[in-house]
Amino acid sequence: MKSIALFPGSFDPFTAGHLNILGRALTMFDEVVVAIGINQDKRGFFDNDQKMDIIRQATNGMKGVQVIEYDGLTVDICKQMNIHHIVRGVRNMLDFENERAIADANRRMAPDIETIIIPTAQEFAHISSSAVRDILKHHGDTSMFVPQGVILPPVK
């Protein structure tokens, strides 16, 4: 039986830090489903098709990676896909406290789904999607913050 985890997020955009977490999750699970959450209340910098393309570029050649989008609660997509583990990455203690609170809420809604929090490797701890978006807005070079081989769409 394959062990599968869900790696949910907005991934706006998918960064080198996200790739680090994904690669480390693949050492624990046979398959990791990267799940782009649709938030109707929040307009993303990139649309979901662009996000899917960026993640596919970043994970090209990686075995055990599936990329999907979903709308609704993370625990509900886990139930629909029969997934019992959620993977979340953290860069610092503030991220950890936020992720722990979400994990606690998820556990109350779905006690059979466990959240695994993975701290990002130190060399990626400074990278955030919001910083990458800011660099893009000002036409800066994002290549050191996104996975190798990823070409971000131009800013509109």
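Consider Lys2 carefully, then state whether it is touching a strand residue (DSSP E or B) at 6+ places or on another chain (Cβ under 9 Å) and not in a loop (DSSP other than H, G, I, E, B). Show your work before the answer.
Numbers: touching a strand residue (DSSP E or B) at 6+ places or on another chain (Cβ under 9 Å): yes; not in a loop (DSSP other than H, G, I, E, B): no.
Here the answer is no, as Lys2 does not meet what is asked.
Results for (1) open to solvent by 10 Å² or more (accessible area, probe 1.4 Å); (2) touching a residue at least 12 places away in the same chain (Cβ under 8 Å), shown as yes or no for each residue.
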| residue | (1), (2) |
| --- | --- |
| Met1 | yes, no |
| Phe7 | no, yes |
| Ser10 | yes, yes |
| Arg24 | yes, yes |
| Thr27 | yes, no |
| note | Counted residues in the range 62-99 being among the charged types (D, E, K, R) and out of contact with any strand residue (DSSP E or B) (no Cβ under 7 Å at 6 or more places or on another chain) come to 6
| request: Only residues that are in contact (Cβ under 8 Å) with a residue 24 or more places away in the chain and charged (D, E, K, R): list them for the range 70-89, please. | output: Asp71, Lys79, Arg88
| message | Checking the condition free of Cβ contacts under 8 Å to residues at least 40 places away in the same chain, in contact with a helix residue (DSSP H, G or I) (Cβ under 9 Å, 6 or more places away or on another chain) and not aromatic (Phe, Trp, Tyr), which residue from Val33, Val67 passes? | response | Val67
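The values are calculated or read from the model by the stated rules, or taken from the named source; none is laboratory data. Note that the structure is a prediction, hence the values are computed from the model and not measured. No Cβ is skipped: glycine too gets one built from the backbone with ideal geometry, and neighbour counts run over all protein chains shown. Just the protein is used for accessible areas: all its heavy atoms, side chains included, with ligands, DNA and RNA removed. Shrake-Rupley method; radii C 1.70, N 1.55, O 1.52, S 1.80 Å.
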